[in-house]
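A.B. asks: My structure is below; once you've seen it, I'll send some questions.
Bear in mind these aren't lab numbers, they're just calculated from the coordinates by the rules spelled out. The model shown is predicted, which means the values in this text are computed figures rather than measured ones. Every residue, glycine as well, gets a Cβ built from its backbone with ideal geometry; the counts of neighbours run over all protein chains shown.
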């Protein structure tokens with residue numbers, strides 16, 4: 001049967017064989033109609049948040065179908081259309097896809113064919129043929145003399161309403177405008193689809209200028225493969241493209257420290273500090289710089305303070321461990337490395353520094369193993385602090 | 001493995017000690033590298049360990065019955081694997097690696113390049129076999145420009161085609177993280193984005209942004225319908241033909257707006273139509289200002305979708321990029337075809353039925369006043385006679401002034417709860433009541 005009453009539909013009632021109680025139903029319906037009409041007249045429109053109007057129309061099989069409160073479906077689509085209008089047909093086709101997908105979950109679609117002022121001889125056959133051809137299976141009602149069309153103050157076809165179980169209009173879309181049509185289908189999808197949490201990539205607070213991030217990423221790739229010259233070039237390019245972007249400067253500072261170019265490193269750290277005066281990265285890198293500059297005691301003191309404030313910062317712990325290692329306090333150093341490793345297994349800096357300490361301790365093979373671990377982690381990718 | 005390493009390490013250490021003491025004495029016993037012979041082998045920036053310590057016998061052995069003729073011990077790969085951890089083959093293996101021919105790329109004695117590569121740079125090495133034409137392009141991918149083939153390709157083996165370090169888009173997203181994160185938020189994604197190389201040549205091209213061909217031709221390879229539409233357009237939309245062309249309005253990767261638009265549709269249009277523009281056949285109104293000053297908008301405008309009536313790629317009419325026919329004149333002999341544009345949304349019976357109580361509110365009792373005004377063989381009033389197409393300050397976007405040639409007649413339209421009245425220059429004050 002074409003245009004059959006959908007399962008779990010709204011209160012669409014077929015009244016073909018219910019002649020006995022017709023008169024009382026008509027009275028109730030008329031009363032309801034005037035009540036709702038009164039309310040809506042006060043609003044004057046059939047826009048979102050106003051109540052829908054109840055109505056009764058014949059379907060293509062000649063059944064009297066009532067559309068009234070309460071709607072049993074979780075969400076009801078009411079669409080006014082005509083066979084002579086291409087966008088109407090496109091809308092029916094689109095809605096059918098959603099109907100197929102969600103009818104068992106509580107989507108109901110009622111379409112009102114507002115063909116002409118009077119549906120003339122032969123037009124009904126055209127409509128039936130079209131419905132068959134487009135495989136439309138939701139309810140098709142014929143607005144024989146455009147009374148419902150007028151009731152809903154339709155001025156453009158198609159016009160589509162989303163109606164809640166409480167008979168409230170949630171959305172009205174005239175035609176198939178780009179944004180609102182997308183919105184219509186999004187609402188339907190959101191109603192019936194379980195919300196899937198997309199795994200979002202870590203979004204940093206600062207969004208660099210378009211095209212900048214790729215140079216930094218390339219620089220990080222090069223850095224991970226120890227191609228420092230190339231890494232520097234790309235990082236400088238990123239910094240040049242977006243002078244407010246801190247990350248390339250962090251990388252440049254790190255490269256400079258690795259290359260023992262301490263004054264360059266300090267320059268970059270100063271630039272970062274200007275952009276982000278409270279940067280913990282700068283504080284940490286400066287402390288590491290102190291170790292490199294053999295101001296170990298001073299560095300240890302400040303790193304301990306840093307650690308007290310940020311006990312879960314694995315890199316800070318590794319720096320502190322390294323500083324103790326440089327002072328040949330190996331037990332303390334290895335103890336701190338163990339804590340750092342517990343916190344983070346993915347940062348190449350920890351095994352890299354540990355390798356250095358083990359070497360100082362004369363444990364060549366263990367040092368080599370840590371170095372390999374560090375290289376392996378570095379190759380997997382670098383994260384900036 | 002560890003034992004083997006220790007053994008090799010000790011061997012090298014012994015060789016180094018022996019070499020150091022020999023150098024101190026001015027000779028290198030047991031080594032082929034002397035001040036006079038094979039000196040160049042160890043003068044490179046990166047010297048292979050055995051060569052550096054004069055442990056030539058690690059790799060070479062004297063041929064029987066010969067005094068100065070040597071051969072390699074074993075095949076290339078077997079020999080290398082004596083010391084180096086073997087590299088595991090994968091689904092895709094670089095031809096020299098598959099053949100076990102390490103020395104095709106690496107100089108076994110040393111070179112000035114890292115990894116003792118045979119050529120002066122990685123690209124030179126790669127292009128000793130691969131065709132260099134691929135990089136002789138106007139726009140090069142930055143890693144290609146930098147000569148760093150190994151950002152994307154593995155030199156030995158990979159599980160991915162073309163020895164790529166990662167598969168598909170994940171390779172590109174190693175650097176292009178902005179695209180990756182944008183895709184997560186996007187509502188609409190251009191389908192070729194699943195394979196970046198559909199549009200981009202990863203090495204370089206003669207078009208902008210390494211596109212395999214320029215815009216719009218690249219777009220037209222798939223969007224043939226648009227190509228036809230643009231070609232057949234009577235009136236050309238500047239946005240399609242100038243500047244970034246298709247990219248002026250569409251994002252090639254993703255968008256949160258329909259049709260991959262770079263902005264919400266109406267805002268996008270108004271980003272250009274925010275000023276008066278001179279065009280071939282007249283002047284285009286500053287639409288932004290018009291909408292700001294007039295709050296009663298035509299339906300498609302209320303839906304913020306100019307494309308309801310205008311085809312941004314070029315309409316088939318010769319007027320204002322309109323999608324379908326719409327009369328330009330004040331008077332017109334009525335025919336339904338003339339109002340093709342209007343009747344894409346509105347009921348044609350609006351002007352076909354002389355009597356109605358449902359089709360329109362513009363009726364006196366059941367007398368259809370739209371029919372009365374429009375449906376005439378002679379001097380039928382067109383929609384524009386009374387309605388401002390885009391927006392006005394009056395209900396149902398009725399005009400303030402009727403555009404009767406150069407004379408603009410005030411319409412004096414007033415809407416009442418059950419009808420309305422107007423007093424234009426066309427006729428005396430008339431009222432209607434439903």
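A.B. asks: In terms of the ratio Rg/(2.2 N^0.38 Å) built on C-alpha atoms, what value belongs to the stretch A:81-120?
C.D. replies: This ratio for the stretch A:81-120 stands at 1.36.
A.B. asks: Taking Cα atoms, how many degrees apart are the long axis of helix A:349-360 and the longest axis of chain A, rounded to 10 and kept between 0 and 90?
C.D. replies: That helix lies at roughly 20 degrees to the long axis.
A.B. asks: Still on this structure, I have one more. With each run of n ≥ 4 DSSP H residues scored as -39500 (n - 2.57), what mean residue ellipticity at 222 nm is computed for chain B after dividing by its residue count and rounding to the nearest 500 deg cm²/dmol?
C.D. replies: Per the formula, -6000 deg cm²/dmol.
A.B. asks: Estimate the FRET efficiency between residue B:316 and residue A:183 by the formula 1/(1 + (r/R0)^6), using the beta-carbon distance for r and 22 Å for R0, to the nearest 0.05.
C.D. replies: Plugging the Cβ-Cβ distance into 1/(1 + (r/R0)^6) gives 0.15.
A.B. asks: Once the Cα atoms of the stretch A:220-365 are picked out, what are the Rg and Dmax in Å?
C.D. replies: Final numbers for Rg and Dmax: 15.4, 46 Å.
A.B. asks: Rg and Dmax of the stretch B:217-333, Cα atoms, in Å?
C.D. replies: So, for the stretch B:217-333, Rg and Dmax equal 15.0, 48 Å respectively.
A.B. asks: Working from Cα positions, state the angle (0 to 90°, nearest 10) between the long axis of helix A:123-133 and the longest principal axis of chain A.
C.D. replies: On a 0 to 90 degree scale, this one is about 30.
A.B. asks: Kindly put A:118, B:288 in sequence by how many other C-beta atoms sit within 10 Å of each C-beta, fewest to most.
C.D. replies: Ordered by Cβ neighbours within 10 Å, fewest first: A:118, B:288.
A.B. asks: If you don't mind, another one. Can you figure out the FRET efficiency of residue B:328 with residue A:132, using R₀ = 45 Å and their beta-carbon distance, to the nearest 0.05?
C.D. replies: So, using R0 = 45 Å, E works out to roughly 0.65.
A.B. asks: Could you work out the relative contact order of the stretch B:166-274, using alpha carbon pairs under 8 angstrom and six or more residues apart, expressed as a whole percent?
C.D. replies: The normalised contact order for the stretch B:166-274 reaches 25 percent.
A.B. asks: Ok, one more. Work out how far the C-alpha atoms of chain A reach from end to end along every principal axis, then list the three figures in whole Å, largest first.
C.D. replies: In descending order, the Cα extents are 102, 41, 38 Å.
A.B. asks: Take every residue in peptide B:143-153, count the Cβ atoms of other chains within 10 Å of its Cβ, and give the average of those counts.
C.D. replies: 3
A.B. asks: Using only alpha carbon pairs under 8 Å that are at least six residues apart, calculate the relative contact order of the stretch A:213-380 and give it in whole percent.
C.D. replies: It comes to 13 percent, rounded to a whole number.
A.B. asks: Picking from B:188, B:318, B:85, which is most flexible by a Gaussian network model of chain B using Cα springs under 10 Å?
C.D. replies: Greatest mean-square fluctuation among the candidates belongs to B:85.
A.B. asks: Tell me, what is the percent relative contact order of chain B, built from C-alpha pairs under 8 Å that lie six or more residues apart?
C.D. replies: 8
A.B. asks: Measure nothing but the geometry: give the 0 to 90° angle between the long axis through the Cα atoms of A:296-309 and the longest principal axis through the Cα atoms of chain A, rounded to 10°.
C.D. replies: 30
A.B. asks: In addition: Taking each residue of B:249-256 in turn, how many C-beta atoms of other protein chains fall within 10 Å of its C-beta, and what is the average?
C.D. replies: Mean shielding count: 0.
A.B. asks: Cα-based Rg of the protein assembly as shown per 2.2 N^0.38 Å, rounded to two decimals?
C.D. replies: In units of the 2.2 N^0.38 Å rule of thumb, it is 1.39.
A.B. asks: Would you give the gap between the C-alpha center of the stretch A:273-316 and the C-alpha center of the stretch B:346-422, rounded to a whole Å?
C.D. replies: 77
A.B. asks: If you don't mind, there's one more thing I want to ask. Can you work out the FRET efficiency for the pair residue A:305 and residue B:156, with r the C-beta to C-beta distance and R0 = 51 Å, to the nearest 0.05?
C.D. replies: Computed FRET efficiency for residue A:305 and residue B:156: 0.60.
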